[in-house]
Amino acid sequence: MNRFLRLVGRDLRLALRQGSDATIAVMFFVLCVVLFPFGVGPEPNILARIAPGVIWVAALLASLLSLERLFQTDYEDGSLELMSLTALPLEAVVLAKTLAHWLVTGLPLIAAAPLLAVLLNMDGAGFGVLVLTLAIGTPILSLIGAIGAALTLGARRGGVLLSLLILPLYIPVLIFGAGAIDAAINGLTPRPHLLLLAGILAAALPLAPWAGAAALRQAVE
Amino acid sequence: MHRFANPARFLRLSTLLLPWSAGATVVLLIVGLYLSLFGSPPDYQQGDTVRIMYIHVPAAWMSLFVYTNMAAAAAAGLVWKHPLADLFAKAAAPIGAGFTLVCLVTGSLWGAPMWGTWWVWDARLTSVLILFFLYLGYMALVNAFDDPQRGTRAGNVLLLVGIVNVPIIKFSVDWWNTLHQPSSVIKMGGPSIDSSMLIPLLVMAGAFTSYFIAVVILRLRTEIAHRKIQTLRFSVAGDGATG
């Protein structure tokens with residue numbers, strides 16, 4: 001456990017000292033959402049109608065941005081091979097790095113989302129659910145993304161390939177995430193959507209590090 | 001299964017199987033197409049449009065069947081490092097993607113007159129679309145590495161991750177209220193379609209399956225020959241360098 005936390009701490013320190021990943025993800029998220037009023041027109045009713053979906057799609061894309069470098073730098077400078085030799089199982093390494101990735105890129109997205117919801121004139125009933133769905137959903141994005149990042153390690157055009165592999169797997173998260181907010185805005189209960197989303201998280205939490213570690217073993221072999 | 005890890009044994013078996021499966025494809029396809037286009041009655045509601053189903057349904061079955069086989073081969077490839085299993089998944093992927101595309105296109109053609117729309121975002125259609133993207137992603141991933149071994153291994157992991165989609169496709173029509181009709185052939189209490197329509201459907205399914213077997217054998221043989229040529233080239237280059 002101590003090793004696990006130390007690894008999370010190391011990744012966080014690296015991310016914070018280099019400083020760019022978190023800010024770039026949030027800036028991309030904001031810009032992506034801000035484009036929509038220009039694209040579909042500033043009509044408040046239309047914006048309010050599409051706000052949940054737009055925010056969720058933008059969050060998906062923003063979390064994709066830094067995924068490519070989740071294992072890339074460690075793979076290139078050889079520290080990944082050292083990590084695979086330590087007593088800490090590779091599954092725990094993947095989980096630690098995913099957790100650090102989520103803390104750096106996922107949390108700022110959650111913090112920025114209500115502001116964007118105001119810009120898009122979203123109905124007030126959806127704000128709590130928006131934050132809740134993102135809080136459950138963004139860890140899933142990081143977990144699934146970790147599999148893709150491990151698979152494409154050392155591939156040609158890894159970044160593009162990564163999005164091609166991962167985006168189809170993101171679709172269920174998007175459906176239930178945006179569906180919960182829509183339900184809350186329309187006066188229905190968002191509970192079933194939230195439960196399904198939490199179910200995906202409960203399945204991804206043990207399975208994704210396992211698959212990611214299997215993929216990493218192929219890469220460092 | 002480990003008997004076939006030896007490519008030479010597989011090649012001998014495949015020379016035996018290939019003409020039979022190719023012949024079965026031709027015969028079954030001719031019989032199946034005749035039965036489905038002329039030998040079966042039009043549906044009382046759908047009219048002649050129902051004939052699209054004789055292509056659509058077997059293609060949909062095959063898209064799942066091929067993926068499941070590829071995932072099983074991927075598991076065998078990862079667990080036992082079975083060399084032919086890796087090649088099988090790689091050889092089957094374009095065929096599976098083709099079946100999925102046929103399924104999507106014929107479904108769309110059928111939907112236009114029947115549902116009044118080319119496409120709806122219901123659970124079955126969306127999950128089959130995801131399956132199509134999984135096939136494409138697998139093919140892109142396998143070919144993205146300089147070392148072909150690394151590509152197939154990464155692809156194997158992806159195939160096993162994508163297997164979660166298969167039960168979702170199968171049960172999507174039962175779990176959600178969708179426009180796509182529930183299963184009428186494989187279900188409790190026997191099929192609910194008349195034998196005059198069921199028989200052409202099963203013949204077509206047989207034709208598609210034997211087509212898959214024939215093409216996958218052909219592709220596997222090509223791949224093995226390709227590897228042989230590569231090994232020979234490397235050894236010639238090695239000889240040239242040392243000698």
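Its relative contact order, with pairs defined as Cα atoms under 8 Å and 6+ residues apart, puts segment A:2-220 at 27 percent. A crude spin-label estimate for the pair B:Ala8 and A:Val40, with each label 7 Å from Cα along the Cβ direction, gives 6.5 nm. Its Cα centre serving as origin, the protein assembly as shown has a Cβ charge dipole (Lys and Arg +1, Asp and Glu -1) of approximately 1080 debye.
Run lengths n ≥ 4 of DSSP H only: what is the helix-derived mean residue ellipticity at 222 nm for the protein assembly as shown, with -39500 (n - 2.57) per run over all residues, to the nearest 500? That comes out to -27500 deg cm²/dmol. Could you point to the residue in A:Met83, A:Leu95, A:Ile140 farthest towards the positive end of chain A's charge dipole, with +1 and -1 charges on the Cβ of Lys/Arg and Asp/Glu respectively? Value: A:Met83.
Full extension of the chain between B:Val27 and B:Ile193 yields a length gain of 57.3 nm, computed as 0.36 nm times the residue separation minus the alpha carbon distance. With a 10 Å cut-off around each Cβ of B:155-166, the average count of Cβ atoms from other chains is 4.
Could you do me a favour and compute the accessible area per residue for the protein assembly as shown, 1.4 Å probe, result in Å²? Before the final figure, lay out the partial values.
Details: 22360 Å² over 464 residues.
Ligands and nucleic acids excluded, the result is 48 Å² per residue.
Quick one: grab the alpha carbon gyration tensor of the protein assembly as shown, order the square roots of its eigenvalues as a ≥ b ≥ c, and give me rounded if a/c is under 1.5, else prolate or oblate depending on whether a/b is larger than b/c.
On the way: a/c = 2.38, a/b = 1.16, b/c = 2.05.
In terms of gyration-tensor shape, oblate.
When nucleic acids and ligands are ignored and a 1.4 Å probe is applied, B:Ser40 ends up with an accessible area of around 10 Å². Within the listed set B:Phe208, B:Phe99, B:Phe38, the residue fluctuating most in the Gaussian network model of chain B (springs between alpha-carbon atoms under 10 angstrom) is B:Phe38. Computed with every protein chain present, the accessible area of B:Arg9 is close to 80 Å² [probe 1.4 Å]. Its relative contact order, with pairs defined as Cα atoms under 8 Å and 6+ residues apart, puts chain B at 31 percent. Rolling a 1.4 Å probe over the protein heavy atoms leaves B:Thr49 with an accessible area of roughly 30 Å².
A 1.4 Å probe over all protein chains sorts B:His226, B:His56, A:His193 by accessible area into B:His226, A:His193, B:His56, starting with the largest. When A:Tyr75, B:Tyr135, B:Tyr34 are compared by accessible area at a 1.4 angstrom probe, the order from most to least is B:Tyr34, A:Tyr75, B:Tyr135.
Can you tell me the alpha carbon radius of gyration of chain A divided by the globular rule-of-thumb value 2.2 N^0.38 Å?
Values: Rg = 17.8 Å, N = 221, 2.2 N^0.38 = 17.1 Å.
My calculation over the Cα atoms of chain A gives 1.04.
For the residues of B:126-132, the average number of beta carbons from a partner chain within 10 Å of their own beta carbon is 2.
Estimate the FRET efficiency between A:Ala203 and B:Leu232 by the formula 1/(1 + (r/R0)^6), using the beta-carbon distance for r and 51 Å for R0, to the nearest 0.05. Numbers along the way, then the final one.
Working: r = 47 Å, r/R0 = 0.92.
Once rounded, the FRET efficiency stands at 0.60.
Pairing chains B and A buries close to 1700 square angstrom of accessible surface in total, based on protein heavy atoms and a 1.4 angstrom probe. Across the protein chains, with a 1.4 Å probe defining accessible surface, the residues A:Glu76, A:Glu43 rank A:Glu76, A:Glu43 from largest area downward.
Split the accessible area of the protein assembly as shown by element, probe 1.4 Å, and carbon with sulfur accounts for 70%. Relative to the Cα centre, the charge distribution of chain B, modelled as +1 at Lys and Arg Cβ and -1 at Asp and Glu Cβ, gives a dipole magnitude of about 820 debye.
The values are calculated or read from the model by the stated rules, or taken from the named source; none is laboratory data. Since this is a predicted model, take the numbers as computed values, not measurements. Note that each Cβ is placed from the backbone with ideal geometry, even for glycine, and that neighbours are counted across all protein chains shown. Side chains included, ligands, DNA and RNA excluded: accessible areas come from the protein's heavy atoms. Shrake-Rupley method; radii C 1.70, N 1.55, O 1.52, S 1.80 Å.
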